[in-house]
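Data first, discussion second: the structure below is written as structure tokens.
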């Protein structure tokens, strides 16, 4: 909740610091306001009317949550310390909370000014060094409550924990603690608080504690501070309860007060302050050549996997689910085709979609099929095809790792579904690769070390937040609900106490950012951006070039991609990869066991034709093709003859064609086309009457319902395609026939979608404003603030109806005659006026203008709010007042 204390528009206090956040913003120079809007771009969309509106917007829950979520770990720790400190908090007290009574890490004190300055810059903290105040909304998000301990592990204060306690019980507590009784609960709470904050007196009190009492306090000190006691607590627990070191929270529940916990901690709010980002370690060094060779092998296989998948889908792709996405059955089929696990198949499917190579066709029975860009992609060299995919992966917000998990409503997320976009994904991928790029060439670090560094730079969201990641991987929310509990915070179980309410900030599962980082590492390895965990040379080039000049990646690729890329990041990465890829071969080794071995990658035309003629038996460094009667018939159906097949194999085989293969091709070709299938419903004709008699006598032909029409013709009630399949299942090799009696070449028609653009990445919050927009926004806010706070000179007629408007009072309403007279006078004197205006849509605003000309019911004026010359209709002006001279623009 935003309070008037934070967003009020009154003037500054003489001889003191600002009384409100708006006052502090008003005192900032324009450069500081621009920095605030640059750091928090949501504040500038739309541009606030004045500084009071800016302060109000900066204190809203959504904006504060977004700002907290983008602080590094140490700055957030400072904000958390302020949340448990007195309000306002002197800088010295904050330093004590961060360093403790006996500072051990000089870096904490050295980095504290930077952290406070960052919180000030983002308007999360305001006030002088003697009165630091955390914005109220940030305090609500970070401060502990009865149901949510803070990330510091501290509980409520003595005053908060004793609220509602009977006065008699309070008097008994302070008497047992050795304090004199008081006459009212307020002084009793103050006396107990003072005791717990006094280091010497508190040490003396704990020195008298019975055995076991100190151990209970130590277990609760670093959080969670809650525990439970039995109806008849042990003597050492009774001693703590009697002296207020454990205060009741409900039936059987107790809490360690914040002041007592801070004494046990030595005054520190955090067990382990983290003033600097942890260095990724330990580092494993590989030879850069080894890394590049490993990555090149993966990079060569990436386009091949996408091509294999889409070639399987180009004739009849999988159906689109009613809710969008790919069914589990179709994903399993894709994993079988690619011979990879389901999550890897989901990655290749999503990558093809993000690269604009795959989309739904938009038909009635909607299916996923390749796009026209797929044909363009196929014509590119292997290195450029990889660069196309890598650029799309780096920019997309699609997260294949979520496929198969469940959202917040328990629904399974499907590959290609509408709910797989996560806006932080591109930033996380880029940051992971940047951390690897900062290491020497060929260096790799464990994933956990990278995750620790990322966690310091961006604190994780709490899994207890609405929509946060749960055990089943539910959809994460962009909101902030407090950082995760720091490592090392222990539960409060013990011999006579049990853990209290579960800490909703604790996590047993990785947050979204950590999961995105893990997926990024795995996907980079699959794609060949990294090799053996180290960034490859092509990956390094792609990262550096995209950081300098954004490439036409997902969502922005033009129709003529080859010409548009030019010297872009993708073309540079392709140039770095090309020397690392093996040269494609133009030959195979045909063997006597009806197989052909491709000892390396083949030229695409050779590989495509060989894939029609033979079945792929195994893939790897060498691909093994097997010739079978069905595969040879498939080539004959595609229009090739036996002589064409043998000539093709002779040309491309480095070994003589074995006799069994020649016999196989000639035998299938001799039988191919002897039977002709047409439409009668369908018919079957053959010049060999004995063959037709044999088919009629075969029991397997009963389902085709054949009958003889002529000695060389049989009629069937099955459709032609069913008749073809039935005869092939019986061991024959029929050919389809056209209406003119010619043999049909049954080449599968490739299905393409209409032209499609790749999916646009979902932005991670409002876009960052450029310098021009920031300058204009600051001018507009300043102008609106002058209008809201400047003294006005009311017209004489308005003065009779209302007292003079001063300070931040409302703009007086004026009649049309008064408005016209004030405007004309301002034109003559060149003075600026404050004007209320309602536009054609009915939206009311207040502006500071300098009238230039008044005629025809309109006033032409320079609008200081928008920094442009505009024309206003006088009948839409609700009120006007001349600015006092000291506030004139």
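Every number here is computed from the coordinates shown, using simple stated rules; none is lab data. Every value quoted in this text rests on a predicted model; they were computed, and no experiment measured them. In this analysis, Cβ positions are derived from the backbone assuming ideal geometry, glycine residues included, and neighbour counts consider all displayed protein chains.
Table for the structure above
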read-out: Computed P(r) (all Cα pairs; the stretch 158-264; 10 Å bins; percent); value: 15, 53, 31, 1
read-out: Relative contact order (percent, whole number), the stretch 274-423, Cα cutoff 8 Å, 6+ residue spacing; value: 25
read-out: Gain upon complete extension [residue 603, residue 363; 0.36 nm per residue less C-alpha separation]; value: 82.9 nm
read-out: Fewest-first sequence of 689, 523 by Cβ atoms within 10 Å of each Cβ; value: 689, 523
read-out: Cα→Cβ-extended label distance, 7 Å offset, between residue 206 and residue 593, nm; value: 7.6
read-out: Estimated distance in nm for a label pair at residue 858 and residue 578, the labels positioned 7 Å out from Cα along Cα-to-Cβ; value: 5.9
read-out: Nitroxide proxy distance, nm - points 7 Å out along Cα→Cβ at residue 457 and residue 159; value: 4.1
read-out: Stretchable slack from residue 339 to residue 166, in nm (0.36 nm times residue separation minus alpha-carbon distance); value: 55.2 nm
read-out: Residue 532-residue 585 FRET efficiency (beta carbon distance; Förster radius 35 Å; 0.05 resolution); value: 0.85
read-out: Residue 828-residue 315 FRET efficiency (beta carbon distance; Förster radius 56 Å; 0.05 resolution); value: 0.10
read-out: Ordering of 76-88, 813-825 by burial proxy (mean other Cβ atoms within 10 Å per residue, highest first); value: 76-88, 813-825
read-out: Mean Cβ count within 10 Å, highest first, over the residues of peptides 419-431, 595-607; value: 419-431, 595-607
